[in-house]
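Inspection log for the structure reproduced underneath, given as structure tokens.
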Amino acid sequence: VSPNVSNTLPLRQAHGSAAVIAEISEGLLASSAHMSPKFLYDDLGSKLFEAICELPEYYPTRTEASIFAAYGADMAHVVGDGASLIDLGAGNCAKAAALFPLLKPAQYVPVDISRDFLLGAVNSLQQRFPQIEMTALGLDFSNGFELPDSVRSERRVFFYPGSSIGNFSPEQAVGFLRGLRANAGEDGGLLIGVDLIKDHALLDAAYDDALGVTSAFNLNMLRHLNHLVGADFDVDQWQHVAFFNPELSRIEMHLEARCPLTVTWRGGERDFARGERIHTEDSYKYTRQSFATLLERAGFATQRMWTDKDHWFAVIYARA
Ligand code: AVI
């Protein structure tokens, strides 16, 4: 059995396209340079993120897994079986696969910007679960996306674990969640993982680990940009900076120039002073109440929430 692969344009094939050059140029030329976190995820970036999830400092993955392990059966009861499970940012698909025996989806639709990485994972998953129809979508869903006709079920359950929603600003998150709600169909919903505000030292360490894996993950964006737009970033000239910003309730990740330098790419050139930064990612942290309010603003009806004993992380099922 082979999974379906949807015929969408992956970012990899889009490299050098006018739209990608325009987006990257706009970010690099802004007075405070910034770059979408989606550019963290080329093939190596996805592998580095997998490694981050194994780090002792990166508590979200194991805390969320402990919540699924403790309450998975209860979640399956609330969600119901036989749905189309649409896994947003599926990566290696491991989180959804662990829930298959409980959720018993009729169809599995993993979506990820890192297309080749996704296809490798789905191919082996399809062998393990031949009874579940699988359709892999290699695309950037951050600006919304159309589900292909092959997603037939009227009951669509979006699966968005790992607190990836935190990589949107709260305003963007409301817009994105509204789109999911509108597409969930009759009796569908959203099973989502959210990272909660906690001791700031724990948050800082999770994004600046002792082994330097998160630093490599952040710096790898420069290699990806070199590939995408023929830039000449020298990774050695940059350093990883990450910290919790309590006013905005978010981790900020930046790349900081270690020395004065000039970067050129297909579409532009910019000088950076020593200490000048490119803002590469935000990771917003919520309280249980502030996230429930966000889901309400997005139009979701009822919600069930499960959390760990320390209230570090929450998993919520919101009915459309
Ligand atoms: C994918 N996303 C939820 C991760 C996060 O925690 O915001 C990405 C990440 N960035 C640094 N470490 C992990």
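Would you confirm, using the coordinates I've provided, whether residue 169 is under 14 Å from the mean Cα position of the chain (by Cα) and open to solvent by 10 Å² or more (accessible area, probe 1.4 Å)?
Taking the combined requirement at face value, the residue satisfies it.
Could you run through region 94-114 and say how many residues are in a loop (DSSP other than H, G, I, E, B) and within 16 Å of the ligand (Cβ to nearest atom)?
2
Residue check: is residue 91 within 27 Å of residue 310 (Cβ to Cβ) and assigned to a loop (DSSP other than H, G, I, E, B)? Show your work before the answer.
On the way: within 27 Å of residue 310 (Cβ to Cβ): yes; assigned to a loop (DSSP other than H, G, I, E, B): yes.
Criteria met by residue 91.
Looking for whichever is away from the ligand (no atom under 14 Å from the Cβ), open to solvent by 30 Å² or more (accessible area, probe 1.4 Å), closer than 28 Å to residue 96 by Cβ and in a helix (DSSP H, G or I) here; the options are 223, 181. Which one fits?
181
Six or more apart or on different chains, Cβ under 6 Å: which pairs go from a residue in region 161-176 that's at positive phi and at pLDDT 95 or above to one that's within 12 Å of the ligand (Cβ to nearest atom) and not in a helix (DSSP H, G or I)? Could you list them?
These pairs meet every condition: 162/193; 163/193; 163/194; 163/195.
Would you mind telling me which numbered condition in (1) within 21 Å of residue 252 (Cα to Cα); (2) within 14 Å of the ligand (Cβ to nearest atom); (3) touching a helix residue (DSSP H, G or I) at 6+ places or on another chain (Cβ under 7 Å); (4) at pLDDT 95 or above residue 61 fails?
Here residue 61 meets the rest and fails (3).
Which fully enclosed strands (runs of 3 or more DSSP E) of region 248-320 have 2 or more residues being of a type outside the set (D, E, K, R) and either under 30 Å from residue 187 (Cβ atoms) or open to solvent by 20 Å² or more (accessible area, probe 1.4 Å) (or both)?
261-265, 277-284, 303-307, 313-319
Spot the failing condition for residue 211; the list is (1) closer than 24 Å to residue 89 by Cα; (2) away from the ligand (no atom under 12 Å from the Cβ), and only one is missed.
Going through the list (1) closer than 24 Å to residue 89 by Cα; (2) away from the ligand (no atom under 12 Å from the Cβ), residue 211 breaks only (1).
Quick check on region 124-133. Is at least one of its residues on the phi > 0 side of the Ramachandran plot and modelled with pLDDT of 95 or more?
No, every residue in region 124-133 fails to be on the phi > 0 side of the Ramachandran plot and modelled with pLDDT of 95 or more.
Mind checking which residues of region 239-260 are more than 16 Å from the ligand (Cβ to nearest atom) and closer than 17 Å to residue 30 by Cβ? Break it down into steps so the answer makes sense when it comes.
Step one: of region 239-260, the residues more than 16 Å from the ligand (Cβ to nearest atom) are 246-247, 257-260.
257 - this is the single residue of region 239-260 that is more than 16 Å from the ligand (Cβ to nearest atom) and closer than 17 Å to residue 30 by Cβ.
Scan (1) surrounded by fewer than 20 Cβ atoms within 10 Å (Cβ to Cβ); (2) within 16 Å of the ligand (Cβ to nearest atom) for the single condition residue 161 breaks and write down its number.
Failing condition for residue 161: (1).
Just to be sure, is residue 149 within 16 Å of the ligand (Cβ to nearest atom), modelled with pLDDT under 95 and of a type outside the set (A, V, I, L, M, F, W, C)? Full working, then the answer.
Numbers: within 16 Å of the ligand (Cβ to nearest atom): no; modelled with pLDDT under 95: yes; of a type outside the set (A, V, I, L, M, F, W, C): yes.
Judged against the criteria, residue 149 is not a match.
Go over the candidates 74, 81 one by one and state the one that is over 23 Å from residue 111 (Cβ atoms), away from the ligand (no atom under 16 Å from the Cβ), of a type in the set (D, E, K, R) and surrounded by fewer than 15 Cβ atoms within 10 Å (Cβ to Cβ).
Being over 23 Å from residue 111 (Cβ atoms), away from the ligand (no atom under 16 Å from the Cβ), of a type in the set (D, E, K, R) and surrounded by fewer than 15 Cβ atoms within 10 Å (Cβ to Cβ) holds for just one of 74, 81, which is 74.
The values are calculated or read from the model by the stated rules, or taken from the named source; none is laboratory data. Please read all numbers here as calculations on a predicted model, not as lab measurements. Glycine gets a Cβ as well: all are built from the backbone with ideal geometry, and neighbour counts include every protein chain shown. The protein model used for the area step is the full one, side chains on, heavy atoms only, and it has no ligands, DNA or RNA in it. Shrake-Rupley method; radii C 1.70, N 1.55, O 1.52, S 1.80 Å.
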